[in-house]
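A quick write-up on the structure given underneath.
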């Protein structure tokens, strides 16, 4: 753990000013359930950053707090500051945020089931006002990145496979010409081969289009292979952060998230007691 | 045979008016999943606004200006109502269950009923928009004596057909229509791609208001604008159950089937059991449909992946 630099203000140290900075936010649902207890993180311009953690750790809540979709779920950011591209997000609506270049791909894809793939992609361009020709160009570009979507363009999104839905959701987000995409659990319910394909496309979009990504994932192995930086979230707190390589080498991450143990603990009971002793210092 | 055709066509044409009212329900239900109980009240309000404005303008201006002015005034009123509903009812009930929203529209129905009568009066007002009232006799070559048609019904059918065409083009071909269909499918996802939900409510309630205006003018031409027009909305419910709550073609076909069905039943079955079945025939059909085909003829089947 010594080699991992702990920086509480969430500066990742890559690039210049971060495109997104989240500073010590607290989120309360229904005015009683405290879900995030002071989360800070930063995404450098053009970077891929990952939030890792188990179910219920607060990954989705963090993303929704950023994209301002919390309000429609009775959640409220009660403390802290979120800045996207130099502007505070708290008083903007989700649609303003999309036009400013920050778009979320929600957990579970959320394609419009009764719309065709083509129409789904078009809805992504809703906030754009720069003419049909530009939108058509981007549509062609999305079909270049996702050739499978071109094949299925006439199909209703509800009837295509899970992988194709995920591609549709990412393609739809790309149609708004984002500077940054908040990607929530892209691997959910997909075959390993498809997950590989999706992450490969994320990498391509990042390199070719300069889109920054903040990815919430449970698939730690996959996320750390593609991200440059990672934050580990446990019950509403960031317990560890560092560059992807450092995290991959970290003994605790190996033990708890990658399922690799180099010691000779063989029974589950040992793991549990080990974990109890080794409470994260947060 | 000539008599049968005459009853059938008469029924179909009166069914067009049911379709119009049902359409108002469908557009709101499609976009927000709310059954708008106030649709009948909106018909009353639109009708009263039109009739009174037209009468007022008719005193000083020529006939066609008074009609156009009346329509413009009623359109403005319906858009203002849509805006008020969005601001003071729907936005306050964001994320509440659709049952709460339904209850809110019941309350809204009473408010609109009473306010519109306070503002525009509560008598029976005749609608005169220049539609000829003489019956038309067609197909004299085919049947002995021809087929008698009510010309008001015929005009209503033509206007309704145009309206449906406009709506279909609006929903299927325009960007706004696409956004509205997206919202109907998945509120959360629509928000995540940047479609502002309150804006879609304003649009959809305005569209429902315009449909209410069309229904009011056409029904008003037949029976006059009066409070009882509110109960028209009740006739739209079996139409919706038959055609499906989410389908524009469903509302049209459902209306036509109910209209034709109840007239034919009245004439050919009613005579056997003493008559008067026109009033409950639609509800019995709806009940049977609920048992065997609950999503209706054109209703959206839920897409579920396994």
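Derivation of every value follows stated rules applied to the coordinates shown; laboratory data play no part. Worth saying up front: this structure is predicted, and the values here are computed from it rather than measured. Every residue, glycine among them, receives a Cβ derived from its backbone with ideal geometry; neighbour counts consider all protein chains shown.
Here is how the numbers come out for the structure above:
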| read-out | value |
| --- | --- |
| Number of partner chain Cβ atoms within 10 Å, mean per residue of A:113-120 | 4 |
| Whole-Å semi-axes of the ellipsoid equivalent to the range A:26-157 (Cα gyration tensor, √5λ, descending) | 31, 17, 15 |
| Rg(Cα)/(2.2 N^0.38 Å) for chain B, N = residue count | 1.03 |
| Top of A:120, A:100, A:55 by mean-square fluctuation, Gaussian network on chain A, Cα under 10 Å | A:55 |
| Cα extents of the range A:113-176 along the three principal axes, largest first (Å) | 32, 22, 17 |
| GNM flexibility winner over chain A from A:121, A:76, A:52 (Cα, springs under 10 Å) | A:76 |
| Cα centroid separation - the range A:23-99 against the range B:219-285, whole Å | 52 |
| Segments B:81-93, B:253-265 sorted - mean Cβ within 10 Å per residue, highest first | B:253-265, B:81-93 |
| For the range B:192-306, diffusion coefficient by Stokes-Einstein and Kirkwood Rh (Cα), 37 °C, 0.692 mPa s, µm²/s | 200 |
| Per principal axis, descending, Cα span of the protein assembly as shown in whole Å | 99, 50, 47 |
| Radius of gyration and maximum dimension Dmax of chain A, Cα, Å | 19.1, 63 |
| Exposure proxy ranking, count of Cβ atoms within 10 Å, fewest first, for A:188, A:174 | A:188, A:174 |
| Calculated [θ] (222 nm, deg cm²/dmol) that DSSP helices of n ≥ 4 give over chain B, each run adding -39,500 (n - 2.57) | -23000 deg cm²/dmol |
| Mean shadow area of the range B:1-153, taken as a quarter of the surface of its Cα convex hull (nm²) | 12.0 |
| Distance (nanometres) between label positions extended 7 Å along Cα→Cβ at residue A:254 and residue A:37 | 2.9 |
| Highest to lowest packing among B:35-43, B:266-274, scored as the average C-beta count within 10 Å | B:35-43, B:266-274 |
| Whole-Å distance, taken between Cα centres, linking the range A:158-230 and the range A:120-146 | 18 |
| Gain upon complete extension [residue A:24, residue A:218; 0.36 nm per residue less C-alpha separation] | 67.6 nm |
| Whole-number percent relative contact order across chain A, with pairs defined as alpha carbons under 8 Å at least 6 apart | 25 |
| Quotient of Cα Rg and 2.2 N^0.38 Å for the range A:156-236, N being how many residues it contains | 1.09 |
| Peptide A:99-107 - average C-beta neighbours from other chains (10 Å radius) | 2 |
| Which of A:87, A:148 has the fewest Cβ neighbours within 10 Å, and the rest in rising order | A:87, A:148 |
| Within 10 Å of each Cβ in B:171-183, the average number of Cβ atoms from other chains | 3 |
| The range B:2-227: relative contact order in percent, alpha carbon pairs under 8 Å with at least 6 residues between | 38 |
| Solvent-free Debye scattering, log10 I(q)/I(0), computed from the Cα coordinates of the range B:213-280 at q = 0.15, 0.22, 0.24 Å⁻¹ | -0.59, -1.04, -1.09 |
| Cα-based convex hull, the range B:123-249, per residue volume (Å³, whole number) | 159 |
| Proxy reagent accessibility, fewest Cβ within 10 Å first, across A:257, B:18, A:226 | A:226, A:257, B:18 |
